[in-house]
Amino acid sequence: MMCDHYQDHIITEFDQKTVVKVLQILAETKDGAVIYHCTEGKDRTGFVNFFVLYILGVDLEIIRQDYLASNFILNEYRAKRDEKLKQAGENLIFRSNMRVLSSVSDTLFDIILLTIEEKFDGIENYLSK
C-alpha cells in the first residue's frame, strides 16, 4: 500500500508540479526563510527534502539517514495518537496500521530511487522534466 503511495508521489503530474513549485520558491527566496510541511512531515516534505539535499550535492546515503530520522522524530506523535485511538476504542489492528502508515523505512526510500530510475532514467532527468 505505502509502496504504491510513494510511487504515486513520484509519477503523478500533480505531485511533480508540487515539488517543482516548492523548489522554485526555495530557489527564488533571497531573504529570510521558507517553511514547508505536510501532515506528518515525512512523505511530501520528505520528497522535497530528498530533492533539495540531492541538488545541494549531499550523498544519497546521508539523505537516506536524514529520511529515516523521521521515525525517531515522530515517536512521540505516534504514541500520543495511539493513545487517543485507544481511548476512542479503536482495535489493535487499526492502531498498528496507523503506526505503520506514520513510519518510514529503507524500503520506502528505495521505492523513491527505483521509481525515479525506472520511469525517468535517473534523478537528474526527473528534475529536468
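The values are calculated or read from the model by the stated rules, or taken from the named source; none is laboratory data. Model, not experiment: these values are computed from the prediction. Glycine also receives a Cβ, built like all others from the backbone with ideal geometry; neighbour counts cover every protein chain displayed.
Give the range 96-111 a look and list any residue that's in a helix (DSSP H, G or I), surrounded by fewer than 17 Cβ atoms within 10 Å (Cβ to Cβ) and under 13 Å from the mean Cα position of the chain (by Cα), or say none.
Step one: filter the range 96-111 for residues in a helix (DSSP H, G or I), giving 96-101, 106-111.
With the extra rule that they be surrounded by fewer than 17 Cβ atoms within 10 Å (Cβ to Cβ), the set shrinks to 96-101, 106-107, 110.
Selection gives 101, 106, 107, 110.
Applying the criterion of being basic (Lys, Arg) and exposed (fewer than 15 other Cβ atoms within 10 Å of the Cβ) to the residues of the range 1-53, the residue that is farthest from residue 108 (Cα to Cα) is 30. When every residue of the range 73-93 is checked against the conditions, at least one turns out to be on the phi < 0 side of the Ramachandran plot, among the aliphatic types (A, V, I, L, M), surrounded by 11 or more Cβ atoms within 10 Å (Cβ to Cβ) and in a loop (DSSP other than H, G, I, E, B).
Please tell me if residue 24 is under 19 Å from residue 112 (Cα atoms), at pLDDT 90 or above and either β-branched (Val, Ile, Thr) or in a helix (DSSP H, G or I) (or both). Don't jump to the end; show me each part of the working.
On the way: under 19 Å from residue 112 (Cα atoms): no; at pLDDT 90 or above: yes; either β-branched (Val, Ile, Thr) or in a helix (DSSP H, G or I) (or both): yes.
Spelling it out, it is not the case that residue 24 is under 19 Å from residue 112 (Cα atoms), at pLDDT 90 or above and either β-branched (Val, Ile, Thr) or in a helix (DSSP H, G or I) (or both).
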